[in-house]
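Below is one structure; the comments refer to it alone.
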Amino acid sequence: MTVPVLTIDGPSGAGKGTISRLVAKKLGWNYLDSGSIYRSLAIALLQQCVDLADESTIVRVAETMDLAFECGDALVVKLNGIDITAQLGLESTGNTASIIAVLPEVRRVLLQKQQDFRQFPGLVADGRDMGTVVFPDAKNKVFLTATAEERARRRYKQLKEKGIDANLACLIDDIEARDRRDTERATAPLAMAENALYIDSSNMTIDSVIEDVLNLIR
Ligand code: C5P
């Protein structure tokens with residue numbers, strides 16, 4: 001029997017993480033935050049001062065990094081035994097992740113690490129290419145998006161709540177640059193899978209998005 005998978009793809013800041021985590025909890029399924037795998041590699045590269053133009057070293061670091069995801073009340077990610085959870089959410093980590101994510105060899109190395117999350121009773125997988133490349137046979141696929149302005153506003157609010165100073169115009173620029181890198185890259189670009197349910201969450205509450213996603217599964 002194959003393990004059922006629900007894929008939730010979309011651009012940065014569309015709310016995929018929040019929605020995926022809550023849907024996984026409601027279903028009692030496992031959860032893959034594939035962005036955190038790219039982000040972990042970005043942290044490993046920054047720690048080792050690897051030149052982001054040095055593709056062969058980047059691939060070697062991707063092949064040898066030891067990643068552990070510990071799912072308690074909150075997710076804890078360990079890179080080579082050290083807790084990197086606090087650094088995962090930084091803007092600089094996300095930006096570096098999106099730069100190295102364009103490399104086809106990096107994507108090939110990280111593919112199996114992502115597919116290993118497919119365990120019973122099921123998996124909710126969030127990312128950019130979950131429905132198109134990593135789990136193309138998934139029965140249920142969602143493409144979750146929102147306008148760049150709305151995504152930047154949500155990010156601004158999150159940062160302010162954490163006491164981090166932010167500038168809305170800069171956040172919009174960052175989000176648009178990340179969107180361009182993610183959609184224009186040659187390998188596994190951000191794209192809606194053919195049979196995915198399209199949800200624009202710009203004017204929706206979290207509860208109504210969850211309802212739409214659960215209706216798809218039902
Ligand atoms: O989703 P998140 O913002 O954590 O992802 C960080 C970056 O990692 C994205 O901007 C994207 O470039 C890359 N990524 C990817 N494929 C995925 C998940 C993330 O290319 N499945």
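Quick check, is D137 open to solvent by 30 Å² or more (accessible area, probe 1.4 Å) and in a helix (DSSP H, G or I)? Spelling it out, it is not the case that D137 is open to solvent by 30 Å² or more (accessible area, probe 1.4 Å) and in a helix (DSSP H, G or I). Selection of segment 86-116 for residues being assigned to a loop (DSSP other than H, G, I, E, B) and within 12 Å of the ligand (Cβ to nearest atom) yields G89, L90, A101, V102, L103. Of all the criteria given as (1) over 28 Å from Q47 (Cα atoms); (2) without any contact (Cβ under 8 Å) to a residue 40 or more places away in the chain, the one not satisfied by F135 is (2). Among the residues of segment 168-218, those identified as open to solvent by 40 Å² or more (accessible area, probe 1.4 Å), outside any loop (DSSP other than H, G, I, E, B) and under 24 Å from P104 (Cα atoms) are D174, E176, R180, R181, T183, E184.
Scanning segment 1-53 for residues that are open to solvent by 30 Å² or more (accessible area, probe 1.4 Å), under 11 Å from V124 (Cβ atoms) and not hydrophobic (A, V, I, L, M, F, W, C), we see that the one that is farthest from the ligand (Cβ to nearest atom) is G28.
Tally the residues that are modelled with pLDDT under 95, touching a strand residue (DSSP E or B) at 6+ places or on another chain (Cβ under 9 Å) and not β-branched (V, I, T), restricting the search to segment 69-79. Qualifying residue count, segment 69-79: 4.
May I ask you to verify whether D137 is within 12 Å of the ligand (Cβ to nearest atom), modelled with pLDDT of 95 or more and assigned by TED's automatic domain parsing to the domain that holds D9? No, not satisfied.
The values are calculated or read from the model by the stated rules, or taken from the named source; none is laboratory data. Bear in mind that the values here come from a model prediction, so they are computed numbers and not experimental data. No Cβ is skipped: glycine too gets one built from the backbone with ideal geometry, and neighbour counts run over all protein chains shown. Quick note on the areas: whole protein, heavy atoms, side chains included, nothing else; ligands and nucleic acids left out. Shrake-Rupley method; radii C 1.70, N 1.55, O 1.52, S 1.80 Å.
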